[in-house]
Structure formats: structure tokens, C-alpha cells
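Heads up, the thing below is written out as C-alpha cells.
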Amino acid sequence: MARTGVTYDQIAAAADALMGSGEKPTLQRVREELGSGSFNTIHRHLSAWRSAQAPAVRPAVQLPDKLLDALAEWAGQQEASARADAEATAIEAQQSADELAEAGEALEVQVEDLSAQVEAMNNECEEKTAKLSSALAEVQRLKEELERERQEGGEARQALAEARERIRTLEEQRGELSAAMKRAQEEASVATAERVEAQRAQAVAEVRAESAQQQLEARSQELKEEREARRAEAAKASQAFEKAQEAHRQELHQEREEARQRVEKAQQGEQAAQRECSEAREKMASMAGRLEAAEAAGKGDDGAPSSSSRSSGKRAGSGKAGKGQQVSQKSNETGRS
């Protein structure tokens, strides 16, 4: 919003009030009386007011009014330029800070730092502006001194040289302020680039997250289908297992029945073999009794047997013994079978 400048009437009223109080209406005093206003505007209207007053006696030696006006105008331009640059830089820095604030919590510390730097630079700009105002007041003071000491041209030139030196110092300070503002703009640009990079990284992360979610959903669907297929296979396998188990039970029952029948046949064969063995033992016992009876009968008929009869008896005994052994072997074989 443009600032409204002071008018000639306001400056004339302030100058008249100062004259009425016995003070000289200088630029600084008129500005203090008004409370605001550009030195250039105040100087232009104050010069018009002075022209309307009684003509002043011009000293023999004085600086040209154009030079003094040029100095005042130049100082006003420098002030306006410095203030405009500072305000524009502060607005840009604030806009950069507002943009950085949207980047999120990750850049909040940087935004706060930049805001602090902008604040410090604004303060520095205000200090520079105050110094510039002081310098302008000093220029005005030098102008007044030059007006009072116009006859002392050497001192006036010295004062002008000092004023120029101070103006040069102010220019150097303005250059430093411009460099500081430039650094702030560069830092704001870096912060903006970091914010853009953070937004790009966030967009990439969102795309990856969406892709991962889609892959997860697809994998979940595959697992679900696979689980359903395994359930169907498990049901089929369970049915097949039940059928195989039933068939195995039937086969086992059949094998047990066949084994029971074989055991029964073996038991029957064993019983038959035992009966045959008992019969063979009875036959052996009967034959042994008959043999003893025959030997006893032979001894009773002959008395003492002759050598031939003994030998024949031995042969008969050996034959009977052999028969007994054969019968015993048969019975043993029958028992084993």
C-alpha cells in the first residue's frame, strides 16, 4: 500500500510553529514536528516556504543550492531505495518462509532458522535505515553549518568532504546489507529446492507404497487361492487316505484270518505228530518187552549158551539194537515234524 506524502500546508504549518517558538525550521525539526515524511519532500516544500518568506541576505561565499538540493535529494533517494530493497527482500524472505512451512515437520527447523535470519535482517535493515536517517540529519546539520559559515569556505569544504566520506560509508553499509539480503535469498532458494526434493521424495514414497499395497493385495489373493486349492487337495487326500485305510483294514483282516487258519492247521499237524510219536513209543516199549521175554526164554532152555549161540545172540542183540535205534530215530523225526 502506497504511503501518503506530506503536503506543503503541513510543512508550512510546522515551520510557522517552529518559528513561533523561536526555533529554526530545519529539515530534522520539521520532520520531528510532523512525525513522518520524506526528507526530499520536506526539503522541497520547506524551500518553497522559505522562498515565500522575506528574502534572506545571501553571504558572500556559499554552496550552490542545487548542490545542497542534490545532496538532500540523493540522500532521500538512497533512503527510499534502501527501504524499498529491504522491504522487497523481507517480503520475498517471508514468502519463502511461508512456502517452506508447508514442506512439513522435516523442514520446520530450517524454516524457523530462516525466519530468524529474516527477522535479524529486518532488524538490521531498520538499524541501517535509522543510521541513514541519522546520516541525513547529519547532512542537514552540515548544511545548516554551511549556511552559518558560508564565509569560511575552507571549513565548509572540509565539512562537505566529511559528509561525502560519511555518505561513502553509508554506501558501503548499504552494499553489506545488499550482500546479506542476497545471502538470505540464496538460503531461501536452497530451502525451496530442499522442499521440492522432499516433496518429490514423498511422491516417490507414496507411489512405492501404493505399488507395495497392490503387490500385497495380489499376493494375498494368490495365497487365498493357493490355500483354497490346498484345502481341496487335503480333502481329496483325506478321502483317499480313508479309502486306503479301509482297504488296509480289510487286507489286514484277511491276512489275520489266513494266518489263523495256518496256525490251526499247524496245531492240527503238531497234534497228529504227537499222536504218532506216542504210538511209536508204545510200539518201541512193546518190542523191547518182547525182546527181553525172548532172551529170558532162550536162557532158560539152553542153560549156558555156547560160543556160537552167544555170537548168534550178539548178532541178534545187535540187530535188535539197530532196529531200536531206527525206531527211535523215526520217532524223533516224527516229533520234530
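Fewest Cβ neighbours within 10 Å first, please rank Arg231, Arg83 accordingly.
In increasing order of surrounding Cβ atoms, one gets Arg231, Arg83.
Could you give the length gained by full extension between Ala17 and Asp113, i.e. 0.36 nm per residue of separation minus their alpha carbon distance, to one decimal place?
So the chain would gain 29.7 nm between Ala17 and Asp113.
Kindly rank 290-296, 32-38, 237-243 from highest to lowest mean number of other beta carbons found within 10 Å of each residue.
32-38, 290-296, 237-243
Just rank Ser51, Ser133, fewest to most, by other beta-carbon atoms within 10 angstrom.
Ser51, Ser133
Among Ile91, Ile167, which comes first, second and so on when ranked by fewest other beta-carbon atoms within 10 Å?
By the 10 Å Cβ count, ascending, the order reads Ile91, Ile167.
Assign unit charges at the C-beta atoms only (+1 for Lys and Arg, -1 for Asp and Glu), then state the dipole size of the stretch 170-302 relative to its Cα centre in Debye, rounded to the nearest 20.
With only Lys, Arg, Asp and Glu charged at Cβ, the dipole is about 260 debye.
Which FRET efficiency, nearest 0.05, do Ala84 and Glu124 yield, Cβ-Cβ r, R0 22 Å?
Efficiency, rounded to the nearest 0.05: 0.85.
Please compute the modelled spin-label separation between Ala48 and Val263, points set 7 Å along Cα→Cβ, answer in nm with one decimal.
Placing both labels 7 Å along Cα→Cβ, they lie 14.1 nm apart.
Counting other Cβ atoms within 10 Å of each Cβ, which GluC sites (Glu not before Pro) in the stretch 122-158 have at most 16 and sit in a DSSP loop?
Glu149, Glu152
Return the subset of Lys143/Lys182; Lys131/Lys182; Lys66/Lys182 for which the Cα-Cα distance in this structure is over 29 Å, preserving the input order.
Cα-Cα > 29 Å for Lys143/Lys182; Lys66/Lys182; rest within.
No value in this document is a laboratory result; all are computed from the given coordinates. If you're wondering where the values come from, they're calculated on a predicted model, not measured in any experiment. Here the Cβ is made from the backbone with ideal geometry for all residues, glycine too, and neighbour counts use every protein chain on show.
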